[in-house]
Every structure is written in C-alpha cells, then in structure tokens.
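The values are calculated or read from the model by the stated rules, or taken from the named source; none is laboratory data. In this text the structure is predicted, and so the values were computed from the model without any measurement. As a convention, Cβ positions derive from the backbone with ideal geometry for all residues, glycine included, and neighbour counts pool all protein chains shown.
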Amino acid sequence: MTARHQGKDQGDPGGHHEMNPPADSPLPYSDVKPVGAADFYSAVNATFRFILRKTGMEGLRRYWAELGRGYYAPVADRWRTGGLLAVAAYWRAFFDAEPGAVAEVELRRDEVVVEVGTCPAIGYLRAHGREITPCFCQHCYFVSEAIGQGAGVEVRVSGGDGRCVQRFAKAGHFTAPQALEEIRAATSLGTAETSSTNSKA
C-alpha cells in the first residue's frame, strides 16, 4: 500500500528516524524505506493516551507543540525559506511515505490545501481494532501550528476521524482562529459506521 497524491499547482509552480535528512528531502528524517511501518501508529496512539491520562489535555497540547518546535525544526526551516512551495513539497513527501494514505495536495496562489481522503493512522488503528484516543486528530493542528510559528505559516483544520482538510497559508491570511469544534473526535468505528450502527439501534 502506498500513498497517493495529486498536485494541482495554480499560479506558482513510523519507527525511529535519524534527525539528519538528505539535502534534497523535505522530510525531517532519513530512512532507507520508501514507505514507513504502519504499526508505528499504534505506538503514537498509545503515547497520546498515556500523556493525556497523566497530564490532561493541556499537557498533551504542550507535548504536540514541543514536537512541532523541536523534532520538526528542519521542516520549519524549509517552510521559512521555501514558502508555500516548500509546504506543498513536504506534504506530498509525507503522504508518499505513509502506508495506506490517500491524500491530494493542491498549491494555490495563497494557500496549500491538503485533502486527506484516507488518514493512514486512523485507517490502521480502526482496521486493527485499536481504541483510538478521541482527540487524536487535534494533533494535526497543534503540531502543524507549532511548525508554522517558526516559519511564518498558519494552518486551519476541518473534519477528522479519517478524512479532513488542512489549509496552510502565510501568517495573517486567515481571518478567524482555529475552531477546535471543527476537528471531529476520532472513533474506533468511524463517523459513517457509527451513524449506521445508531440508526439500527
């Protein structure tokens, strides 16, 4: 299973990884595998749940922010110097390396729009019967927000629970702050399956 993306440029053209990416890679790590190991998603989910139980929601959000500022610092550097072109390149490379991902990355004049049709993490966890941490999808906002703060880039996320839209733009582009209620809680069944189950009850 491999990631799929489509680039529509308009107006302008899991495991442990090393922190020294190749010079031509938009990703923050180097890896000999073209696609990562999907079982890493279970570790990510368990880590989020553990931190949430120990420190609460604010502690988990601090962890996500520290992840964005620390581990993803090389990504922030590329976004700062390369602008939205670098943002689009990162997300294309990211989803190419994520097993089971289906995503489209579109570079517009003022935004990069990432439409995730199949979230690889949610898909894997659901397929393997894992209990998904409900706030799992919020990490996409808080980590990306922290990366963007070091690069003059901001993000807005809508949807979640397996499908979402993430929009990236230069700081000041969006007129309203992120509304967390627009990020759906993750469920082990999925929104469509849950609705179907409830309708039969």
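Quick look at the numbers
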quantity: Any chance L84 is of a type outside the set (K, R), over 20 Å from N45 (Cα atoms) and at pLDDT 95 or above; calculated: yes
quantity: Residue in the range 95-103 that is surrounded by 12 or more Cβ atoms within 10 Å (Cβ to Cβ), modelled with pLDDT under 65, of a type in the set (A, V, I, L, M, F, W, C) and within 19 Å of L125 (Cα to Cα) present; calculated: no
quantity: Sole residue being under 17 Å from D77 (Cβ atoms) and touching an Asp or Glu at 6+ places or on another chain (Cβ under 7 Å), chosen from A171, A146, A151; calculated: A171
quantity: Matching entry among D9, D77, D39 (being surrounded by fewer than 18 Cβ atoms within 10 Å (Cβ to Cβ) and at pLDDT 95 or above); calculated: D77
quantity: Matching residues, the range 44-61, being more than 19 Å from the chain's Cα centre (by Cα) and among the hydroxyl-bearing types (S, T, Y); calculated: T55
quantity: Of all residues making up the range 109-138, the number that are out of contact with any Leu (no Cβ under 8 Å at 6 or more places or on another chain), of a type in the set (D, E, K, R) and assigned to a helix (DSSP H, G or I); calculated: 0
quantity: Positions within the range 42-58 being of a type in the set (G, A, S) and either exposed (fewer than 13 other Cβ atoms within 10 Å of the Cβ) or not in a helix (DSSP H, G or I) (or both), in sequence order; calculated: A43, G56
quantity: Subset of the range 149-180 that is of a type in the set (G, A, S), touching a helix residue (DSSP H, G or I) at 6+ places or on another chain (Cβ under 9 Å) and assigned to a loop (DSSP other than H, G, I, E, B) - its residue that is surrounded by the fewest Cβ atoms within 10 Å (Cβ to Cβ); calculated: A171
